[in-house]
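My questions all concern the structure below.
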Amino acid sequence: MSPEQNQTGPAWSALALLEAGEHALWFELGPGGPKLIESPAAASLVPYAPWPHARFVAGMLVWDGLLVMAINRDGFLVLGPGETTVSAGNSDDTAAAVLYRVTGNGLWDPYTAESFFIWKDKPAVLLYRNDFFIETSASSLRPQVYFLDRSSAAPLGVSIPALEHFPSDGPWEAEVVRRGADGLWYYRMREKGKDQNETAYFRTRNLAEKGESISADEWWKSNLPENPENIPSSSLPPLPEGFVYTGVALLGNMLTASWEEQQEAGVGAAGFMVVNISKWRFFQ
C-alpha cells in the first residue's frame, strides 16, 4: 500500500507502508525496486554476477531518524517511521515504517557503489568504474559522489575537493573513501585505462582539503572494522545454503538485516529483511 506523501514529508517516492510484527518481512532487490517475497528460499533465480556489477545492499546507516541503505546499481532505499498499529490491551503490537526508493535514474547502473559515508551531515555514496572482473565501457563519472537529501526526489551529485586532486595527469578515479580508526579520512585512487593501472593512497583530516600521500601499508592498517549493531547472525532467522547476512542495523524496534546469495566473488539474489524486535524471539 503506497502512503500519500504529505507536504512536510520528503520528496522521495514512497513505495509501501510496512507493518512488522513477530514475523519477518523479506524483500528481494530487482531492477524495479524491492519486491516482497515469502523468504530468501523463494527468491528469483538471478544469474550470478561479479559483486561490483550485482544488485545488493552496499551499506546501511541510521541518519536523522531514518535507516538508509545504499543499493549497488540503483540508488538509496530509506525506512522511515510510520504510525504504529495498536491492538486492544497491547501497547506495541505492530511497528510500522514507510519504505522509500530514491533511484539514480539509471546513472548508477554501470558503476560500483563501494563507499557509504556521511558528507556534511548527508548520507553519500562514492561511485566508480570497477573493471577487475569485466571490462567496462562506461565513461569516467564526474562527480563521483552522490548524496541523499530530503528535498530532492533523486540523489544529488557533489564534487568533494580531496577526491579531485589526482596523483598525475591521466584518467585517475577515486575508488574507496573511509574513516580510519584514528578519525582521519583515507582514500584510494587508481589510474584507469592502462595495462598496469597505478594505485595511490591518501589521508586527510578534512575532505575539503587535498590529502597527503601514504604507503599501501599505512592504508591497510587504517581500516576500521564496521559493526553497526552487535547482533550475531546466529540470532537471525536461518538462511538457505549459500546465503549469508551482510549487515544489520536497528531503528527503534525495527531491525533490518541485508542478505545475499554468494558464490565465490559472485552475487545472485540479494535483499533485506525487516522485523519488529519487541515482538520477535531471536534465534539461538
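According to a simple spin-label model (label point 7 Å from Cα along Cα-to-Cβ), what is the distance in nm between Asn197 and Val158?
2.5
Order of Trp108, Trp63, Trp259 from fewest to most other C-beta atoms within 10 Å?
So the ranking, lowest neighbour count to highest, is Trp63, Trp108, Trp259.
Still on this model: Just check the stretch 29-84 against the gyration tensor rule for me: Cα atoms, a ≥ b ≥ c as the square roots of the eigenvalues, rounded for a/c under 1.5, and otherwise prolate or oblate depending on whether a/b exceeds b/c.
The shape class here is oblate.
Label the stretch 94-213 by shape, choosing from rounded, prolate and oblate, from the square roots a ≥ b ≥ c of the eigenvalues of the Cα gyration tensor; if a/c is under 1.5 it is rounded, and otherwise prolate applies when a/b is larger than b/c, oblate when it is not.
Since a/c reaches 1.5 but b/c is at least a/b, the shape of the stretch 94-213 is classed as oblate.
Can you tell me the equivalent ellipsoid semi-axes for the stretch 13-276? Use √(5λ) from the Cα gyration tensor, largest first, whole Å.
34, 20, 17
Something else now. Can you give the extra length, in nm with one decimal, that the chain gains between Arg150 and Ile277 once fully stretched, where that is 0.36 nm per residue apart less the Cα-Cα distance?
Gain on stretching Arg150 to Ile277: 43.0 nm.
Turning to a different aspect of this structure: Whole Å is fine, so just give me how far the alpha carbon centre of the stretch 152-224 lies from that of the stretch 9-47.
Taking the Cα centre of the stretch 9-47 as reference, the centre of the stretch 152-224 is 34 Å away.
While we're on this one: Could you sort out which of Lys122/Lys221; Lys35/Lys221; Lys35/Lys192 sit more than 29 Å apart by Cα distance in this structure?
Over 29 Å apart, Cα to Cα: Lys35/Lys221; Lys35/Lys192.
Which trypsin sites (Lys or Arg not before Pro) from the stretch 97-182 combine a DSSP loop assignment with at most 11 other Cβ atoms within 10 Å?
The qualifying sites are Lys120.
Express in whole angstrom the spacing between the alpha-carbon centres of the stretch 50-81 and the stretch 112-131.
Cα centroid to Cα centroid, the span is 11 Å.
Bear in mind these aren't lab numbers, they're just calculated from the coordinates by the rules spelled out. Please read these numbers as outputs of a predicted model, since none were measured by experiment. Positions of Cβ are backbone-derived with ideal geometry, glycine not excepted, and every protein chain shown enters the neighbour counts.
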